[in-house]
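Here the structure is laid out as structure tokens; the discussion comes afterwards.
The values are calculated or read from the model by the stated rules, or taken from the named source; none is laboratory data. Since this is a predicted model, take the numbers as computed values, not measurements. Positions of Cβ are backbone-derived with ideal geometry, glycine not excepted, and every protein chain shown enters the neighbour counts. When the accessible area is computed, the model is the full protein with side chains, heavy atoms only, and any ligands, DNA or RNA have been set aside. Shrake-Rupley method; radii C 1.70, N 1.55, O 1.52, S 1.80 Å.
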Amino acid sequence: MVRLITHNLLACHAKDCNTNNFPLQFKDVQLEIREADFNPEFLKGFMPKIEWKALVETAIQLGDTSLPLEQPEMLDEEFLKNLHHVLLEIHVEEGSMTCPNCKHVYPISNGIPNMLLAEHEIG
Amino acid sequence: MSRPELQAPPEIYYGDIEAKKYTQNTRNQQIQADMTYRALELLNLPPDQPAYLLDVGCGSGLSGEILDEEGYIWAGVDIAPSMLEVALEREVEGDLFLQDIGQGFGFRPGSFDGVISISVIQWLLNAETSHPTSSPPHRLNRFFTTLHSAMRNPSRAVLQFYPSSDDQIQLITSIAQKAGFGGGIVVDYPNSKKAKKVFLCLFVGGGGTQQLPQ
Ligand SMILES: [Zn+2]
């Protein structure tokens, strides 16, 4: 149940890991597609929070190439539908997320990432 | 019987059986629902503006179901795997994380438009080991500091909890303020021992214009 909307907001929280700690890199993923209600107003409001490059690159890694490389200024219906699908309908069910900086691996099992840190990683 | 948070850490206390019992108990469901609606009221989100929320200690998704019904997109964190499993069974729509809130969050600055938490943060008041990172003030500080940075400016967090003394309220409030939050405590039904509910209402930003709700 990790959707890209949440993945796009998630950085590593291990001790002293403050730079280059985003986005966490998916590995060995199993995906599930689940339909969600289309809410264009929500998407428009959410746009400023998105790290666009990270979102597009992650979507491509997961096999979705529907998003433009540059964040568009005109938000037409087709674009919003693609964004909706990428942010809210692709679920990572199994696999892991690795921090690009400290290499901490957050395993994902049954759709739930394990964010627990070892004692020496707690800030 | 003594309070749950004094018996065992939450991930132990809420094992498979306790997690199901807690979730199926209709009185718990009702109380949890009432407090969730009240927390949403205190959040005072702008109307007709869809929001992305965080549920701190989302447990088995009793609050999450209400967030779904109300049309919010949300993520939830909890330290008890058994509770999260029940949440999966109940097919809540939020993203769930297995996380110890005392270790802090890694969400990017400004991620959430609002935060709720029902009956959770009293668990942070119990140290589990003698290690310095597990003392209650350290864990509270880590929690509030990383929560503050994960919230949008301006926004609110409403955290209902069960303090066992005024000292605990004092400790929690002072650490939240040090982390940069404004706001304070709202008490519902202060004169009823049974119905009394304590909400920590925290503000990010707002230039001092945010008023503590009634
Ligand atoms: Zn890291």
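If the condition is being open to solvent by less than 10 Å² (accessible area, probe 1.4 Å) and within 16 Å of the ligand (Cβ to nearest atom), then segment A:79-107 contributes A:M97, A:C99, A:Y106. Every residue in segment A:11-24 that is within 11 Å of the ligand (Cβ to nearest atom) and either within 7 Å of another protein chain (Cβ to nearest Cβ) or of a type outside the set (D, E) (or both), please. Listed by number, the residues that qualify are A:A11, A:C12, A:H13, A:A14, A:K15, A:C17, A:N18, A:T19, A:N20, A:N21, A:F22, A:L24. For segment B:50-81, a residue qualifies if it is part of a loop (DSSP other than H, G, I, E, B), within 12 Å of chain A (Cβ to nearest Cβ) and either in contact (Cβ under 8 Å) with a residue 60 or more places away in the chain or open to solvent by 10 Å² or more (accessible area, probe 1.4 Å) (or both), and the qualifying residues are B:P50, B:A51, B:G71, B:Y72, B:I79, B:A80.
Residues in segment A:1-48 that are modelled with pLDDT of 95 or more and within 12 Å of the chain's Cα centre (by Cα): 14 in all. Candidates are the residues of segment B:85-103 that are assigned to a loop (DSSP other than H, G, I, E, B) and on the phi < 0 side of the Ramachandran plot; the one that is farthest from the other protein chains (Cβ to nearest Cβ) is B:R90.
Among the residues of segment B:34-49, those identified as at pLDDT 85 or above and open to solvent by 20 Å² or more (accessible area, probe 1.4 Å) are B:D34, B:Y37, B:R38, B:L40, B:E41, B:N44, B:L45, B:P46.
For A:A54, state whether it is within 16 Å of the ligand (Cβ to nearest atom), within 30 Å of A:G123 (Cα to Cα) and not in a loop (DSSP other than H, G, I, E, B). Here the answer is yes, as A:A54 does meet what is asked.
Which members of segment B:185-205 meet the condition of being small (G, A, S) and either in contact with a Ser or Thr (Cβ under 6 Å, 6 or more places away or on another chain) or surrounded by fewer than 14 Cβ atoms within 10 Å (Cβ to Cβ) (or both)?
Once the filter is applied, which keeps residues that are small (G, A, S) and either in contact with a Ser or Thr (Cβ under 6 Å, 6 or more places away or on another chain) or surrounded by fewer than 14 Cβ atoms within 10 Å (Cβ to Cβ) (or both), segment B:185-205 yields B:S192, B:A195.
A count restricted to segment A:54-73 and to residues that are of a type in the set (S, T, N, Q) and farther than 16 Å from A:R3 by Cβ stands at 2.
I'd like the full set of residues that are in a helix (DSSP H, G or I) and either exposed (fewer than 12 other Cβ atoms within 10 Å of the Cβ) or not polar (S, T, N, Q) (or both), limited to segment A:57-70.
A:E57, A:A59, A:I60
Of all residues in segment B:149-184, those being part of a helix (DSSP H, G or I), closer than 14 Å to B:C201 by Cβ and open to solvent by 10 Å² or more (accessible area, probe 1.4 Å) number 3.
Contact annotation: residue pairs with Cβ atoms under 7 Å, 6 or more positions apart or on different chains, pairing a residue in segment A:1-23 that is open to solvent by 20 Å² or more (accessible area, probe 1.4 Å) with a partner that is within 16 Å of the ligand (Cβ to nearest atom) and basic (K, R), are A:F22/B:R108.
Just name the residue that is nearest to B:G94 (Cα to Cα) out of those in segment A:96-113 that are of a type in the set (S, T, N, Q) and over 15 Å from the mean Cα position of the chain (by Cα). Per the criteria, the residue is A:N110. Determine which single condition B:P137 fails, assuming it passes every other condition in (1) surrounded by 17 or more Cβ atoms within 10 Å (Cβ to Cβ); (2) in contact with a helix residue (DSSP H, G or I) (Cβ under 8 Å, 6 or more places away or on another chain); (3) away from every other protein chain (no Cβ under 12 Å). Status for B:P137: all satisfied but (1).
Restricting A:D76, A:D37, A:D28 to those that are surrounded by fewer than 17 Cβ atoms within 10 Å (Cβ to Cβ), away from the ligand (no atom under 16 Å from the Cβ), within 14 Å of chain B (Cβ to nearest Cβ) and more than 15 Å from A:L4 (Cβ to Cβ) reduces the list to A:D37. Residues in segment B:113-134 that are within 11 Å of chain A (Cβ to nearest Cβ) and part of a helix (DSSP H, G or I) were compared, and the one that is farthest from A:L10 (Cα to Cα) is B:P132. Residues that are away from chain B (no Cβ under 12 Å), surrounded by fewer than 16 Cβ atoms within 10 Å (Cβ to Cβ) and within 16 Å of the ligand (Cβ to nearest atom) are absent from segment A:112-121 altogether. Evaluated against (1) closer than 23 Å to B:P109 by Cα; (2) surrounded by 16 or more Cβ atoms within 10 Å (Cβ to Cβ), A:M47 falls short on exactly one condition, (2).
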